[in-house]
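Notes to accompany the following structure.
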Amino acid sequence: QVQFVESGGDLVQPGGSLRLSCAASRNIFSIFTLAWYRQAPGKQRDMVARITTGGNTMYADSVKGRFTISRDNAKNTMYLQMNGLKPEDTAVYYCNFLGAVNWGQGTQVTVSS
């Protein structure tokens, strides 16, 4: 079983930046497409960014141009650089496989003035 541990969430002002990290218990970054998701209380969990084994990236329209997904296979870690944060980015952020059904604790990002 692969376990993901997300970290780096914080309270940040609008327009600020954060870098989230995702550490996996197994080296799967060179094998599977991975993604960042987010979920606000009472709302659907949505994919915000994904990265393939070849390094191809895609982003949800809501974060395009502001967020950057990357990974370091040697460190078994994936990142989400978030710039120009908006209040609507407030959510718990998770990393996982595409089509995931099991979820970890995630990391809380709160954007507020």
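The values are calculated or read from the model by the stated rules, or taken from the named source; none is laboratory data. What you see is a predicted model, and the numbers here were worked out from it, not measured in a lab. Every residue, glycine as well, gets a Cβ built from its backbone with ideal geometry; the counts of neighbours run over all protein chains shown. Heads up: the accessible areas ignore ligands, DNA and RNA and are worked out on the full protein's heavy atoms, side chains in. Shrake-Rupley method; radii C 1.70, N 1.55, O 1.52, S 1.80 Å.
Restricted to region 1-56, the set of strands (runs of 3 or more DSSP E) holding at least 2 residues that are open to solvent by 50 Å² or more (accessible area, probe 1.4 Å) comprises 4-7, 46-51.
Among the residues examined, VAL63 qualifies as open to solvent by less than 30 Å² (accessible area, probe 1.4 Å), out of contact with any Phe, Trp or Tyr (no Cβ under 8 Å at 6 or more places or on another chain) and not in a strand (DSSP E or B). Could you list, in sequence order, the residues of region 70-113 that are among the aliphatic types (A, V, I, L, M) and farther than 15 Å from VAL48 by Cα? The answer is ALA74, VAL101, VAL111. In region 66-109, the residue that is most open to solvent (accessible area, probe 1.4 Å) out of those that are of a type in the set (Val, Ile, Thr) and within 14 Å of the chain's Cα centre (by Cα) is THR68. Restricting attention to region 15-40, which residues are closer than 19 Å to ALA60 by Cβ and out of contact with any Cys (no Cβ under 9 Å at 6 or more places or on another chain)? Within region 15-40, SER17, LEU18, ARG19, THR33, ARG38, GLN39, ALA40 meet the criteria.
Scanning region 66-78 for residues that are under 11 Å from TRP36 (Cα atoms) and either of a type outside the set (A, V, I, L, M, F, W, C) or not in a strand (DSSP E or B) (or both) yields THR68, SER70. Filtering region 82-98 to residues that are farther than 17 Å from GLN13 by Cβ and out of contact with any Gly (no Cβ under 7 Å at 6 or more places or on another chain) leaves CYS95, ASN96, PHE97, LEU98.
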